[in-house]
1. Tell me which of A:630, A:283, A:363 sits at the most positive position along the dipole axis of chain A, charges placed on C-beta atoms (Lys, Arg +1; Asp, Glu -1).
2. Given H placed on each backbone N at 1.01 Å, which residues far from residue A:527 in sequence or on other chains put an amide H within less than 5 Å of it?
3. Across peptide A:683-695, what mean number of C-beta atoms from other chains lies inside 10 Å of a residue's C-beta?
4. Give me the three principal axis extents of the stretch B:85-155 from the C-alpha atoms, as integers in angstrom, largest value leading.
5. Write out the trypsin sites (Lys or Arg not before Pro) in the stretch A:362-433 meeting two conditions: DSSP loop, and at most 12 other Cβ atoms within 10 Å of their Cβ.
6. Note down the magnitude of the dipole of chain B about its Cα centre, charges +1 on Lys and Arg C-beta and -1 on Asp and Glu C-beta and zero elsewhere, to the nearest 20 debye.
7. On average, how much accessible surface per residue is there in chain A, in Å², for a 1.4 Å probe, leaving out ligands, DNA and RNA?
8. Which shape class applies to chain A: rounded if a/c is under 1.5, otherwise prolate when a/b exceeds b/c and oblate if not, where a ≥ b ≥ c are the square roots of the Cα gyration tensor eigenvalues?
Amino acid sequence: MMKLEEILVTRNSVGKPVQRKEDVKFVMGKGAYVDDLDIDCHHAVILRSPFPHARILKIDTSKAEALDGVLAVVTGPEVAQQTKPVPPRAITKPARQYVMAAEKVRYVGEPVVAVAARDRYIAEDALELIHVEYEPLPPVVEIDDALRDDAPLIFEEAGSNVLLHDRLEHGNLEDAYKEADLIIKEQFRMHRYSSTPLEPWAIIAGHEKADDSFVVWANDQQPGRSTVNVCNALGISHYRLRFIVPDSGGGFGIKLALWPYIVFLCLLARKVDKPVKWIQTRTEHLLAGTHAPDAHVEVELAVKKDGKILALSMKDIENDGSFVHTSGIYGLIKFATLVGCYDIRATRAELMSVVTNKGPTVQNRGVGKPTMIFVIERMVDIVAKKLGLDPSEIRFRNFVRPEQMPYTTPSGEIYESGNYPECLRKALDLIHYEDWKKQKEERKKQGRYTGIGISAGIEPGTSNLGYYYTSRGVPEYMGNAEGAIVGMDYDGNVNVLLGSVDTGQGHVTTTAQVVADMLGISPDRVSMNTQLDSLISPFLGHSGAYSNKFNDVDLGAVIMATKKLRDKMFRIASHMLGLPEGELRLKDGKISAVKDEAKAVPFSEIASLAYKKILLLPEGVEPGLKEIAYYKNPVAKLPSKTDFNVQLTHSNSVHAAVVEVDAESGAVQFLKYVIVHDCGNQINPGIVEGMVIGSTVHGIGAALYEEFVYNEDGQLLSTTFMDYLKPLSIGLPRFELAHMESPCPYTLLGTKAVGEGGAIGSLAAVANAVEDALSPFGVRVRSLPITPEKVVRAIRETREI
Amino acid sequence: MHKIKVRINGKDFEHEVEPRLLLVHYIREKARLTGTHVGCDTGNCGACTVLFNGDPVKSCMMIALQANGAQITTIEGLAGNGLHPVQEAFSERFAVQCGYCTPGMILSACSLLQSNPQPNEAEIREAIEGNLCMCTGYQQIVDAIAHAAQKAKGLERRKP
Ligand code: FES
Ligand code: FES
């Protein structure tokens, strides 16, 4: 692998809080999100199922079609006839589902009919005129309902509501259990929540009548896979779909599953003479715009008296709702953090993916790892209490030590770098741990219930996409990679095109910083098209913004393409100056002789040869200055059940919180919150800080406020931001941050993941703090969110949240 | 259809509108000022915030007809040439990620600073309570607004 010094010739930008290049347009209101594009469109709206589970008997759209201004309609049965079913990625049981409900609806909000009209208001009116006859079926809402022997089947062909059931064992469990002094068991529940990007889903689908091809604009996070899925579903070859991703108002995984909508909007577009635009409403978003699944987790730790954890067994049941494409992936992703930050030698996991009549689930920020770290970090506290150890002490006794790095977990995950004990020490210092422990006792005397919570979390990045096929054989996608094109113009300025997309992470700035330091120029001279266009951008099935892959393979592709460009520039300069390449260097937009700076050629002259005076180019050098490169992560293992790595880089952090709980009202108030974060080398500390805090607030929302609540009839009760409560600017702590930089040996710049860690580590920090505060009442926290009602009930009656 | 006349960012607009047309849709689709965003359908997110006769309002909660004769400032009209100090402060303090909440946030911040030029942190947090940001966790936004207030103070002092 190239060394950092070989990659970066200057260090003027990388590592500095360079102001974001994207900001000017956004602060001026000039962002160009899908709904802002100046495209002459018709408008689509969607009729959704009011029932959680019902057979569709008849659909009559005639009155709607007769309404003035209505242009076309597609119905579920029609879509099913014209498209291929949704491909499952992880489940093993057969389950046939189409992108629109055909015979049966399986959740409230499932699309049944789409209407295109002259404007949105007319289209909405048309929905009222559509008549659908349903035969309601008994709904299956919660995990326990789905697992009952007499439970109605949601997919009859599966013969069960469990679509994936897998058991994996790694390490010597028998020995571990024999050696253990005690076994500690617990059960936890995770609720449904979502990171709810502020801009909902938005799609424009256009149809070219001349050659039956499509152009789609969508705020899709994973255009690589989506183009494949859309083309496969429509049965068209890839060159007939052009996919464009403009600015996107947040993603967090929740914009990974737009493609089913793109499929039926393409069918609608085929029927009309203009592109069709669909802008999801917030209610639609909360209803059907995908959630993180709710889950039941039973967990068991085999422990020595001194607190050393020898083995972990877990049974994980996910309520994946009704979207077979992503069902089952949450359980397996947990293997990226199955043992958390700890050196645990043996693990057993039983995984079940359950289908119910709740809404679809996809990979929400952290994907399963928030649940896993919540479970482990709660367990470690529970064990500490049982053994009379301080919560920090039990962590120190079990951490993977820095000298063990790179450390391989029993299932094959490679933790490549990090200093977990030091990270915790720093957090304890920063929060004044010992001091708060004393204060806590003082405050208790005044009837103020104060608690301190610590959570040490792993933050994996870069998905090795093959992992979840451990149960299904050869996967369609494996490893991870991205593509980039880097070109220089006539004036020596650089432009970058990337296969990935930006949903707020500052890719333009970060990329410009890296390219600038590779070429010895200012980042002002590097521009980038955040807008992805499948016709011109370099592109792989892996392309997109997910699993924190940007710092690894995306920048890897940029670096390799820039290096190709730089190598070519050196060859041309060497020829122009009559000096060997080894005697030249890059500085201030020129290539000059190391020994004599007066002997120099500016980039613009090199470009002039490459683009115009091509007869003066050295022998064997092609004209032009634009290079393409694809870069793949080097440590991804082939899929295997005995030894697999789910993710390919591993950041870590410690969250420490002090809270006060009002025993009367049940309200939780933050007194202090500290985050010590290690994402390896940082490219832009200003951006990193924002991602760490933003991500942490997602976790705090999940820990205290947010929940998709379904009633027993399968109706979602939280369908607006009045019932689905997001964190506001008030009520949050001021976060104090400290950083460690343990470089990753397997990424070109020593960088690691940054966007998800806060959403992973914060849940347990809050829960542990609340349990600590409520220890005088003996309350145990087994579920989230910790709402005031639950707190009050726990204190008064149940002793359990 | 009804005729309305609105002054947006110092420019007069006249249109025939349906009575049910929301003001936010009028601004985005008729006046073609797309910096005003939509993030919810219940008046909870603040992405659609504009200054209506000087006061911040959620334009998704009004119909276009109510704006007849009003003066509206959207994010596009906040600064003449260049950037308003609050816009600059947002960029200098990394208060922008996806940018979707940004126009509404900035307008709420401007309105606060107009009535309270030197707010403390609690006052800033309260002033943007009606604006959701899903990306930043608010801290850098709060800091940016404090920074803008600081900058304005500096400017004041420099005046003779
Ligand atoms: S769009 Fe107006 S408050 Fe959300
Ligand atoms: S920056 Fe994305 S919603 Fe605020």
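1. The residue sitting most towards the positive pole is A:630.
2. A:494, A:495, A:496
3. On the way: counts 0, 1, 1, 4, 2, 1, 5, 11, 5, 2, 7, 10, 2.
The shielding value for this peptide is 4.
4. The Cα atoms of the stretch B:85-155 stretch 30, 22, 17 Å along their principal axes.
5. On the way: sites: A:365, A:378, A:385, A:386, A:395, A:397, A:425, A:426; in loops: A:365.
Nothing satisfies the criteria.
6. With only Lys, Arg, Asp and Glu charged at Cβ, the dipole is about 400 debye.
7. Computed with neighbouring chains in place, this is 34 Å² per residue.
8. Numbers: a/c = 1.80, a/b = 1.11, b/c = 1.63.
Because a/c hits 1.5 or more and a/b fails to exceed b/c, chain A counts as oblate.
The values are calculated or read from the model by the stated rules, or taken from the named source; none is laboratory data. Treat the numbers as computed from the prediction; the structure is a model and nothing was measured. Positions of Cβ are generated from backbone atoms using ideal geometry, with glycine treated the same way; all protein chains shown enter the neighbour counts. Ligands, DNA and RNA are stripped out before the accessible areas are found, and what is left, the full protein with its side chains, is counted by its heavy atoms. Shrake-Rupley method; radii C 1.70, N 1.55, O 1.52, S 1.80 Å.
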